[in-house]
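Nothing in this text is a laboratory measurement; each read-out follows from the coordinates by a stated rule. Bear in mind the structure is a predicted one, so any value in this text is a computation, not a measurement. All Cβ positions, even for glycine, are placed from backbone atoms using ideal geometry, and neighbour counts span all protein chains on display.
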Amino acid sequence: MTPDQKELVTATVSTLKEHGVLLTTHFYRRMFEHNPELKNVFNMGNQQNGKQQMALALAVLAYAEHIEDPSVLVPAVTKIGHKHVSLDIRPEHYAIVGRHLIASIAEVLGEAATPALLDAWATAYGELASLMSGLESGLYQKAVNQEGGWTGWRPFTVKRKVEESAEITSFYLYPTDGGKVADYLPGQYVSLRLFLPELNLFQPRQYSLSSAPNGEYYRISVKKEAGSQHPDGLISNRLHDFVPEGGIVELGAPAGDFTLDVTKPTPVVLVSGGVGQTPLLSMLDYLVTSGSKREVVWVHGSRNPRVHAFREPVAALAARHEQVQHHVFYDTPATGSDEAEAGHYAGFVDLRKLNGGTLMPEADYYVCGPAPFIRKQVQDLAALGVPRESIHFEEFGPATLSV
């Protein structure tokens, strides 16, 4: 980009701050009208609840704000690249998106969208698309180069369904072709795709892998959204209610950058809320089954024991391995002995209650759960003196969280 083009893009920052969601909402409406086939690629639940529009608005704004040095956006770009690879996004999709994005800028800004401004944004988008395509090409190549790897959508058979709590069921997924499955880093996810007759669309969703890599199957643990007919819960509920043992689903290859650093010897603190424990279960399982001697602190928050998935397996694992500490918080503990058990607490997860509020400054902290939960835990860790580079978190869905 020329200096003049960068200046033009930068000049749109104030407009994007004020009208960014209006722009992205118009963009998605326009793109789906002209290219309805892309509804099979995008999560239509996130279209209805506005999360995707907000996430894109924030991404466009961030790119405009850092047009002089886009390298600061590498972590965000990497996260998006993993998501795109899991959904089988290809360079041709960028061409479609770019066409509708530039047209939307022209239509929303009206006379303010001068030819020079549109040309500047077209150039900026082209550079970003090239960067993303290059990153994703490397991820695709890495996926196919390992044993059991693939790209695109691969059919898997649900061989087992195991109820883990009143809300969460685990699905054990084996390749329908009988082949191996690719290894993955603890914390990664897979995209799962089903056809929804009520929408007449294929719909993808991402689910964290909830066990250590084993080369034979993948396990996902899915929360059922009770009474939900909103697209947000349609795939999860369909898995629970309409996909039996022996049923077929399609998966993208494992992806994601919220992963356990398996090369470090430092202690690990795993902090989760609700179904946010799923990627952390994979990390815990890996640390134990690999024979690691790293100290592990497991902290989990749940509404009550009835909906607490993996309650007994994690407790038993902690009892067998002295390097694993086990702490559980219940919003509303059951009457009886649960509140009195060692490592059990009433109320929301409060890391200051552990070990008298003294945490391990040398540890790595992995946090996953709803956005308010993540925000609170990250803020509490920072207040307790934990370095920001030691705090890692994963937000399910489009990235809209800033902490």
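For the pair Asp177 and Val72, what calculated FRET efficiency results from E = 1/(1 + (r/R0)^6), where r is the Cβ-Cβ distance and R0 = 41 Å, to the nearest 0.05? Before the final figure, lay out each step's value.
Numbers: r = 43 Å, r/R0 = 1.04.
Efficiency computed from Cβ-Cβ geometry: 0.45.
Under a plain spin-label model, where a point goes 7 Å from the Cα along Cα-to-Cβ, how far apart in nm are Asn200 and Glu362?
Reported label-point gap for Asn200 and Glu362 is 6.3 nm.
At 7 Å along the Cα-to-beta-carbon direction for both His34 and Lys353, put a label point, then send me their distance in nm to one decimal.
Output for this residue pair reads 5.5 nm.
For the chain, with a Gaussian network of springs between Cα atoms less than 10 Å apart, report the residue from Val268, Val314, Val349 with the top mean-square fluctuation.
Top of the fluctuation ranking is Val314.
Thr289 to Glu225: FRET efficiency via 1/(1 + (r/R0)^6), r the Cβ-Cβ distance, R0 30 Å, to the nearest 0.05?
0.45
Place a +1 charge on the Cβ of each Lys and Arg in the chain and a -1 charge on the Cβ of each Asp and Glu, then give the dipole magnitude about the Cα centre in debye, rounded to the nearest 20.
Roughly 640 debye, rounded to the nearest 20.
Using +1 on the beta carbon of Lys and Arg, -1 on that of Asp and Glu, and nothing else charged, what's the dipole of region 148-273 about the Cα centre, debye to 20? The partial results should precede the final answer.
Numbers: 12 positive and 14 negative charges, 34 e Å.
For this selection, approximately 160 debye.
List the equivalent ellipsoid semi-axes of region 44-128 in whole Å, largest first, each obtained as the square root of 5λ for an eigenvalue λ of the Cα gyration tensor.
They are 22, 17, 14 Å, listed from largest to smallest.
Cross-link list Lys161/Lys224; Lys51/Lys161; Lys39/Lys83; Lys142/Lys264; Lys83/Lys142: which exceed 20 angstrom alpha carbon to alpha carbon?
Lys51/Lys161; Lys142/Lys264
At a threshold of 8 angstrom on Cα-Cα distance, excluding pairs fewer than six apart, so keeping six or more, what relative contact order does region 268-394 reach in percent?
28 percent
Using only helices, what value at 222 nm comes out for the chain when you add -39,500 (n - 2.57) per DSSP H run of length 4 or more and divide by the total residues, to the nearest 500 deg cm²/dmol?
Computed ellipticity for the chain at 222 nm equals -13000 deg cm²/dmol.
DSSP beta bridges in the chain, what fraction antiparallel, as a percent rounded to 5?
In the chain, approximately 55 percent of DSSP beta bridges are antiparallel ones.
What residue among His26, His84, His66 shows peak mean-square fluctuation when the chain is described by a Gaussian network model with Cα springs under 10 Å?
In the Gaussian network model the winner is His66.
Among Ser86, Ser272, Ser71, whose mean-square fluctuation peaks in a Gaussian network model of the chain (Cα, cutoff 10 Å)?
Comparing Ser86, Ser272, Ser71 in the GNM, the peak value goes to Ser71.
Kindly give the semi-axes, whole Å and largest first, of the ellipsoid equivalent to region 154-251, taking each as the square root of 5 times a Cα gyration tensor eigenvalue.
Details: eigenvalues 91, 46, 31 Å².
Equivalent ellipsoid semi-axes, largest first: 21, 15, 12 Å.
Mind giving me the FRET efficiency for Ala112 and Ala346? R0 is 45 Å, r the Cβ-Cβ distance, nearest 0.05 is fine.
That gives a FRET efficiency of 0.20.
Would you mind giving the average projected area, over all directions, of the Cα convex hull of region 190-341 in nm² with one decimal?
Hull-based average projected area comes out at 10.9 nm².
Principal axis lengths of the chain from Cα atoms, whole Å, largest first?
Principal-axis extents of the Cα atoms in the chain, largest first: 69, 50, 42 Å.
Could you give the length gained by full extension between Glu18 and Asp241, i.e. 0.36 nm per residue of separation minus their alpha carbon distance, to one decimal place?
On the way: separation 223, 0.36 × 223 = 80.28 nm, distance 4.26 nm.
Contour length minus the Cα-Cα distance gives 76.0 nm.
Could you give the DSSP H helices of the chain that reach 24 angstrom or more along their long axis (alpha carbon positions) and whose average Kyte-Doolittle hydropathy is no lower than -1.0?
Membrane-span-like by this rule: 13-34, 91-109, 115-145.
Which percent of Cα-Cα pairs in region 3-145 sits in each 5 Å bin, short to long?
2, 9, 18, 23, 22, 15, 8, 2, 1, 0, 0
Quick one: if you stick a label point 7 Å off each Cα along the C-beta vector at Ala319 and Thr151, how many nm between them?
Computed distance between label sites Ala319 and Thr151 equals 4.9 nm.
How high is the relative contact order of the chain, in percent, with contacts defined as C-alpha pairs under 8 Å that are six or more residues apart?
Reported as a whole number, the value is 15 percent.
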